[in-house]
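Just so you know, all these numbers are worked out from the coordinates, no wet-lab data involved. Treat the numbers as computed from the prediction; the structure is a model and nothing was measured. In this analysis, Cβ positions are derived from the backbone assuming ideal geometry, glycine residues included, and neighbour counts consider all displayed protein chains.
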Amino acid sequence: MAQNRVICTKNDVDYLSIRKAMMSGARTVDELVEIAGVCTECEGCKSELDAILSSVCGCKKVSLEAVVNAVKNGADTVEKVGEVTGAGTGVNEETGEPCGKCKGLIQNIIDQGR
């Protein structure tokens, strides 16, 4: 599970802001520029944006591609996507509580089909 930290140092955009933009539908760097305000020029943007965009669930290391494929193959709820991919089923190692931080993004992927 990723900790919040500044990714775009030029515009002071943190990881959680980028994930919120993804939950709003951002799937490309250009969309992150528009929605989250990343610069794409600083070292953080250059080294981390592609990896953030390609990942849905850090706990279970599930990619965006895997979730999109599950949705295209009929997984039409967050629970069904979790059954197929493991996304959204992680547990916080410190507290033992379910994580679920990616469930909003999974729902957005289901809603948008991408």
**Q.** Neighbours by Cβ (under 7 Å, 6+ apart or cross-chain): first from region 1-29, charged (D, E, K, R); second surrounded by 14 or more Cβ atoms within 10 Å (Cβ to Cβ) and in a loop (DSSP other than H, G, I, E, B)
**A.** LYS10/CYS39; LYS10/CYS42
Q.
Whether any residue in region 38-54 is more than 21 Å from ILE7 (Cβ to Cβ) and of a type in the set (Asp, Glu) is what I want to check.
A. no
Q: Could you look through region 83-114, keep only residues that are in contact (Cβ under 8 Å) with a residue 12 or more places away in the chain and among the small types (Gly, Ala, Ser), and pick out the one that is surrounded by the most Cβ atoms within 10 Å (Cβ to Cβ)?
A: ALA87
Q. When you go through ALA21, ALA36 one by one, which is the residue that is more than 11 Å from the chain's Cα centre (by Cα) and crowded, with 18+ Cβ neighbours inside 10 Å?
A. ALA36
**Q.** Matching residues, region 60-81, being over 11 Å from the mean Cα position of the chain (by Cα), in contact (Cβ under 8 Å) with a residue 12 or more places away in the chain and within 19 Å of MET22 (Cα to Cα)
**A.** LYS60, ALA66, VAL68, ALA70, VAL71, LYS72, ASP76, THR77, VAL78, VAL81
